[in-house]
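Here is the structure we will look at, set down as structure tokens.
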Amino acid sequence: MACDVPRIRAKAVAASTFPLLAKVLTVLGLAMIPWLVFLHTELPVTAQASHWAWAWTGLDGLEALGLLVTGLLLRRGDCRAGLTSAATSALLLADAWFDTMTAAPGSDFTLAVLMAGFAELPLAVVCAVLATRIVPRPGCGAEELAP
């Protein structure tokens, strides 16, 4: 299937192309380590959320949108399906994590683990593999979607 969307040829991006951005992102990533320790030690064990249903509906809605757009782009042979597939994979991973970490003990937790193990995580892997096969890599011709 050929990519129908005009795009810039994949080129290797040298580290020297964005030296300031590379430094800033690295420092920000390192700066988050103390923040993570603070959050883990200072956040309350339980909390009540005013918009709980909207939070979960929104996350699942974004996953549905990602799957739908990825499917439609694939049908058109559009290479941007790799981008939506990568984003959808990340959303599915986040969903599995938060489902299992916020589930009440007992049947709620069991259901969250089953959903993660048999739906969210396998689908996240499929989306991630799809993304790695579609997104052009430096030095690759990537004129067609990988089979």
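The values are calculated or read from the model by the stated rules, or taken from the named source; none is laboratory data. In this text the structure is predicted, and so the values were computed from the model without any measurement. Note that each Cβ is placed from the backbone with ideal geometry, even for glycine, and that neighbours are counted across all protein chains shown. All accessible areas refer to the heavy atoms of the entire protein, side chains included, with ligands and DNA or RNA removed. Shrake-Rupley method; radii C 1.70, N 1.55, O 1.52, S 1.80 Å.
The number of residues in segment 98-110 that are free of Cβ contacts under 8 Å to residues at least 24 places away in the same chain and surrounded by 14 or more Cβ atoms within 10 Å (Cβ to Cβ) comes to 5.
Name the residue that is modelled with the lowest pLDDT, counting only residues in segment 23-82 that are of a type in the set (Gly, Ala, Ser) and open to solvent by 90 Å² or more (accessible area, probe 1.4 Å).
Filtering segment 23-82 down to residues of a type in the set (Gly, Ala, Ser) leaves 29, 31, 47, 49-50, 53, 55, 58, 61, 64, 66, 71, 77, 81-82.
Next cut, open to solvent by 90 Å² or more (accessible area, probe 1.4 Å) only: 47, 50.
Values: ALA47: 87, SER50: 93.
Top of the filtered list is ALA47.
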